[in-house]
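This report concerns only the one structure given below.
Just so it is clear, none of the values below were taken in a lab; they were calculated from the coordinates. If you're wondering where the values come from, they're calculated on a predicted model, not measured in any experiment. Because the Cβ atoms are built from the backbone with ideal geometry, glycine has one as well, and the counts that use them run over all protein chains shown.
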Amino acid sequence: MLRRYDGAVMPVDLRSDTVTRPTAAMRAAMADAEVGDDVYGEDPTVNRLEQCAAAIIGKEAALFVPSGTMGNTIAIKMHTNHGEEVLCEAHSHMMDWELSMMAWFSGCLARTVASEAGILRWPNIEQAIRKGSPHCASTTLIAIENTHNMAGGTVYPLETIDQICDGAHERGLKVHMDGARVFNASAASGVPVDRIARNVDSVMFCLSKGLGAPVGSLLAGTRQDIDQARLYRKRLGGGMRQAGILAAAGLVALADVPERLVSDHANARLLVEGLADLPQLSVDSSRVQTNIVIFGIEKLGCSTNEFSGELKRRGVLANGVSSTHMRLVTHRDVTRADCEQAIEAISEAVYRFQPQAVPSEQ
Ligand SMILES: *Cc1c(COP(=O)(O)O)cnc(C)c1O
């Protein structure tokens, strides 16, 4: 049941959309890339990528960074002072998966707000905002994640983003969008990315996920903020030299992206519909709006590691995201047939742990 890729036998890899390998067109562009020393601002391909990204996302300027984590870290730093609070969603990537960089690099405290399906609403944010006083540190930044990874790739409604930005700006606060997968949000909603990001003060998006480039993310915002961001990037060790080799792949990724993401979303839909037929799993198919499917295995009485092991034996790779939940992520390097294979592997694994059909609970 293994398929071939570039002559090698490969499993169906649904661990993340970061696992995509560069296409032949990307490799050709990388081989031919015109380069210079980007720390001197002299790499023409990086400069072209930054200009192109800024235009697409609708901001004055953009900065090429090695990772999304670095992009978020720099954004927090440029919008805050030491000792302030950053308001973010309780299971945001920034909170759970970025090694507390907000504290480590910016000296800020995360004030988390719980949400329905990863989507913060202005009234919940407003209640959690703190004004500086002799007793309280002030909130200065609000971070929103679009799409929301751990909620299963959920998409922010446009009016919710606009309300959050209006409310924040009225109070003199900044809004950063962790838009690692903002192109997925756009493909799902039909709203162009520059409209999605229009009112936020900064936005980070990844080239290395659904867009399929091997490395890199962009942080976009005002020219003044991005000039400052460039200095923080250097401090973090992100001053890359002939980075045009990498930027060249990013330019290819940006050129042929967004329409393609729609098929990743259709594949995720196929997966969740397959899983919904298995009563032993907990599946909320309304959450599946983009390329991420999260499902619960708590009724199986096994750990997510054990479940991953069973899938691996059947040629499918998937990770647990908590002690009870697994995540599947579709991307360019998995086909519809691969997803059908994954459903079969998951069904077999489910019956391996629960040989008897489970009557539904009522
Ligand atoms: C992947 C991701 C990032 C950044 O990831 P890197 O691995 O550092 O590039 C940031 N936010 C979200 C929501 C993500 O999914």
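Remarks
- Relative exposure of PHE64, PHE307, PHE105, judged by other C-beta atoms within 10 Å (fewest first): PHE105, PHE307, PHE64
- Over the residues of the chain, the helix contribution to mean residue ellipticity at 222 nm works out to -12500 deg cm²/dmol, using -39500 (n - 2.57) for each DSSP H run of at least 4.
- In the chain, Rg over Rh equals 0.99, where Rg is the alpha-carbon radius of gyration and Rh the Kirkwood radius from pairwise Cα distances.
- Of the residues ILE346, ILE76, the one with the fewest other Cβ atoms within 10 Å heads the list, and the complete ranking is ILE346, ILE76.
- Contact order relative to length of the chain, as percent, for alpha carbon pairs under 8 angstrom and 6 or more apart: 24
- For the chain, the longest piece that avoids every one of the GluC sites (Glu not before Pro) found in DSSP loops with at most 14 other C-beta atoms within 10 Å covers 61-360.
- In terms of surrounding Cβ atoms within a 10 Å radius of their Cβ, TRP104, TRP122 rank from fewest to most as TRP104, TRP122.
- Within the stretch 33-256, antiparallel bridges make up roughly 40 percent of the DSSP beta bridges whose residues both belong there.
- Charged side chains reduced to their Cβ positions (Lys and Arg at +1, Asp and Glu at -1) give the stretch 4-116 a dipole of some 280 debye around its Cα centre.
- Structure note, pairs LYS209/LYS234; LYS209/LYS312; LYS77/LYS174; LYS59/LYS209: Cα-Cα distances above 18 angstrom occur for LYS209/LYS234; LYS209/LYS312; LYS59/LYS209.
- 15 Å tail of the calculated P(r), the stretch 133-232, as % of Cα pairs: 65
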